[in-house]
Structure formats: structure tokens, C-alpha cells
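Just below is one structure, and these are the notes that go with it.
Quick note: the coordinates plus some simple rules give every number you see, no bench work behind them. This one's a predicted model, so the numbers in the text were calculated from it and none came from an experiment. No Cβ is skipped: glycine too gets one built from the backbone with ideal geometry, and neighbour counts run over all protein chains shown.
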Amino acid sequence: MKRVNLFFVTGFFSGYSPIISGTAGTLAAVPIYLILAHLPFRYYLLTIIISLAPVAYLCNWAENYFQKEDPSEVVIDEIIGFLVTMTALPVGLFTITAGFILFRIFDIVKPYPVYQSQQLPHGWGVLIDDVLAGLYANLTLWIVYLIYRAVL
């Protein structure tokens, strides 16, 4: 069971990247997004919502396994954050690239209350900061997308 948990929490082992593991984890999210993006909106959103508790559990498990808070190897939270970023947006190279960049920016900068949410217990802090970064990125990307569409 340990190997299965590690497979998922490390984003199919992408979290073991020696540099920029969060970015590697976000990159691992792109194919997942491309599969889920073809679902109707309600099923896409339901998939994210249903996955929150198991992912928080796995993040808590991983903190105990790695014996540190928010281990860099754990990137399942980046996967969820990227999926939140891409919610309800049209599938395309522009939106995926912009979403990837914006999510990474908000995940690194951690504006209020993203940074503060890291204090939540039992793996929720590991997860929710990425969910909130994804919400910021989603809102920003919608604004950029709507401006882009209005100009063209």
C-alpha cells in the first residue's frame, strides 16, 4: 500500500524531480486535465470535489511518511490545484499554457489567504493552499481569456 500511496502523492513519481518538483507535478497534471476536460462541467467539478478528502488524507499520510511538513516530493496537491485552475475554461494550448504559468505564480507567491491556509491540520493545509492558488489562477485566466476574446 505504501508504494501505491507514494505513486499518487508524488504525482506518478514526478515529485522526485531533483529541481522544481512542484512544476514537475503541475506538468503531470496536464494529461489528467486533458482527459477530464472532456467531461461535462458538473462531472469535472464533482471529480475535483470528491477527490479533496482522499487527497488531504494522502497529504497527511505523506507528511508522516516523509517526517516533514509539506514535503517537496508531494505534488498531488499541485495536480488538484491545476485542475481547479482549468475549471470551466476551453481546452486549448493558450489556456493550458497560461493556466500552467498562472497557477505556478500563485502557488509560489501565495497571496492572502493562500499562505495562511497552510496552517490547516491533517493534510488540508498542504492541499488547500493549492486549491486557493488554483482559484486565483482560474479567476485571472478567465479575465485574460475574456479580454483576449474581446480584442479578437
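Here Ser14 meets each of (1) surrounded by 16 or more Cβ atoms within 10 Å (Cβ to Cβ); (2) more than 21 Å from Ala56 (Cβ to Cβ); (3) not hydrophobic (A, V, I, L, M, F, W, C) with one exception, condition (2).
Just one of (1) within 14 Å of the chain's Cα centre (by Cα); (2) of a type in the set (Asp, Glu); (3) in a loop (DSSP other than H, G, I, E, B) fails for Glu69. It is (1).
Report, ordered by the first and then the second residue, all pairs with beta carbons closer than 6 Å, sequence separation of six or more or different chains, a first member in segment 92-121 that is exposed (fewer than 14 other Cβ atoms within 10 Å of the Cβ), and a second member that is among the small types (Gly, Ala, Ser) and part of a helix (DSSP H, G or I). The qualifying pairs are Gln119/Gly125. Taken together, Thr26, Thr85 contain a single residue that is of a type in the set (Ser, Thr, Tyr) and closer than 24 Å to Arg3 by Cβ, which is Thr26.
Evaluating Ile49 against the criteria (1) part of a helix (DSSP H, G or I); (2) over 14 Å from the mean Cα position of the chain (by Cα); (3) surrounded by fewer than 12 Cβ atoms within 10 Å (Cβ to Cβ) leaves one unmet condition, (2).
Counting just the residues of segment 18-46 that are closer than 19 Å to Ile105 by Cβ and assigned to a loop (DSSP other than H, G, I, E, B), which one comes out nearest to the chain's Cα centre (by Cα)? Residue satisfying both the conditions and the ranking: Ile20.
Would it be correct to say that Ala88 is under 30 Å from Leu152 (Cα atoms) and not in a helix (DSSP H, G or I)?
Working: under 30 Å from Leu152 (Cα atoms): yes; not in a helix (DSSP H, G or I): yes.
Answer is yes for this residue.
When Tyr65, Tyr57, Tyr44 are checked against the criterion of being surrounded by fewer than 19 Cβ atoms within 10 Å (Cβ to Cβ), free of Cβ contacts under 8 Å to residues at least 60 places away in the same chain and aromatic (Phe, Trp, Tyr), a single residue qualifies: Tyr44.
Here the condition is being in a helix (DSSP H, G or I) and surrounded by 15 or more Cβ atoms within 10 Å (Cβ to Cβ); of Leu132, Leu139, Leu146, it holds for Leu132 alone.
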